[in-house]
1. Taking the conditions exactly as written (surrounded by 24 or more Cβ atoms within 10 Å (Cβ to Cβ), of a type in the set (Ser, Thr, Tyr) and farther than 30 Å from LEU311 by Cβ), does THR111 satisfy them or not?
2. Only one of GLU232, GLU261 is modelled with pLDDT of 95 or more and charged (D, E, K, R); which?
3. Considering only residues of the range 130-155 that are among the polar types (S, T, N, Q) and buried (at least 21 other Cβ atoms within 10 Å of the Cβ), which is nearest to SER63 (Cα to Cα)?
4. Taking TYR266 as the residue in question, decide whether it is aromatic (Phe, Trp, Tyr), in contact with a helix residue (DSSP H, G or I) (Cβ under 6 Å, 6 or more places away or on another chain) and in the same structural domain as GLN68 (by TED's automatic domain parsing).
5. Looking only at the range 157-194, which residues are assigned to a strand (DSSP E or B) and closer than 16 Å to THR263 by Cα?
6. With LYS255, LYS188, LYS241 as the choices, which residue is more than 20 Å from the chain's Cα centre (by Cα), under 22 Å from ASN103 (Cα atoms) and not polar (S, T, N, Q)?
7. What are the pairs with Cβ atoms under 9 angstrom where one residue, in the range 96-107, is in contact (Cβ under 8 Å) with a residue 12 or more places away in the chain and part of a strand (DSSP E or B) and the other, located anywhere, is of a type in the set (Lys, Arg) and surrounded by fewer than 24 Cβ atoms within 10 Å (Cβ to Cβ)? Sequence gap at least six, or different chains.
8. Has the range 108-121 got any residue that is aliphatic (A, V, I, L, M) and part of a strand (DSSP E or B)?
Amino acid sequence: MVKRLLLSAVLFFFMSSSVIAQGRYAVAYGGFAGFQATIWAMKDLGLLDKHGLNADLVMIPGSARGLQALLAGSVHFAQVDATAPISAALKGGEVVIIGGSLNKIPFSMVTQPEIREPAQLKGKKIGIINFGGANELSIILALNEWNIPIQSVTLFPSGPAANRLVALSAKALDATVLSPPETIQAAKIGFRVMVHLSDLKASFPMNTIAVQRSFLENNREVVKRFLRAHSEAIYQFMNEKKKALAVYQQRLKQKDPDVIEETFSYYAPRFSFPPRVDRQGLGLTADFVIDRVAKGKGTVDLRKVLDESILDELTREGFFKEIAKR
């Protein structure tokens, strides 16, 4: 894993200075969790080339860093959770969401074996990556749905999934949120995958595609080609299992076929086609960012943050129906 992160960092720094000069485009994604799959599928299934987009994928850990790279002009497209572009908009960043492939919380609540139901989380320590992001929001949404006051648990910033698994093993944490394939590993160790947060009523735009507003205005045809490629990648991943498993096999470097199979079974039905963003989930995210990140200060005009006009064009042109026919 360390080697992969270092390689991604090297590629990122090389690309940030040369991509624009070469007339190529850079697409950022945030890590190696299974929900990144549709971005990988664009490249691995040849759909970027098919739709005439000369682009490379760049792994930049975390949505906040990916958004920073986008605003700096180092990448042109970034797959990030909705907290990042909304946080940027609060600070005056000219960023816009053009679509999204996942509107469900992709995490499961993983607990010590003796914790069997949500009510038993009261008084417990729950590990998250950090405050202000998708981990914290997913726990707040879950606790709200379970009628458990947020004050009755203690949230601990505990770093990436591997660190939180170690903390669970040492009983420094009572619970955390993980996504496949980490949930599968946790279950094998003996922890309880208590509940899938994707089954909550609340929606959350976990995968959104963000661009700079000026890039959208000046490069609409490029953005349209991207959305064609991404949409077809989503559809193929959801409906052509053999191709999807091959993408996971290549990207996750996972030798256990059962893990690959379970990861696919979890994510494939949860992706969104066409790749539209759930507006209710976007509103919940904006409320969270204003409350927890901006400390109640500022407002966000979601009509300026979300621009699905190109998706509307593709709908009118019958693009999504044509993909489904094929």
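The values are calculated or read from the model by the stated rules, or taken from the named source; none is laboratory data. This structure is a prediction, so every number in the text was calculated from the model and none was measured. With ideal geometry, Cβ positions are generated from the backbone for all residues, glycine too; neighbour counts draw on all protein chains shown.
1. Working: surrounded by 24 or more Cβ atoms within 10 Å (Cβ to Cβ): yes; of a type in the set (Ser, Thr, Tyr): yes; farther than 30 Å from LEU311 by Cβ: yes.
It is true that THR111 is surrounded by 24 or more Cβ atoms within 10 Å (Cβ to Cβ), of a type in the set (Ser, Thr, Tyr) and farther than 30 Å from LEU311 by Cβ.
2. Among GLU232, GLU261, only GLU232 is modelled with pLDDT of 95 or more and charged (D, E, K, R).
3. Quick first cut of the range 130-155, residues among the polar types (S, T, N, Q) only: 130, 135, 138, 144, 147, 151-152, 154.
Narrowing the set further to residues that are buried (at least 21 other Cβ atoms within 10 Å of the Cβ) leaves 135, 138.
On the way: ASN135: 12, SER138: 15 Å.
That would be ASN135.
4. Details: aromatic (Phe, Trp, Tyr): yes; in contact with a helix residue (DSSP H, G or I) (Cβ under 6 Å, 6 or more places away or on another chain): no; in the same structural domain as GLN68 (by TED's automatic domain parsing): yes.
No.
5. VAL177, LEU178, VAL193
6. None of the others qualify; the one that does is LYS241.
7. Close Cβ pairs (under 9 Å, with a partner that is of a type in the set (Lys, Arg) and surrounded by fewer than 24 Cβ atoms within 10 Å (Cβ to Cβ)) amount to VAL96/ARG213; VAL96/LYS304; GLY99/ARG276; GLY100/ARG276; LEU102/ARG270.
8. yes
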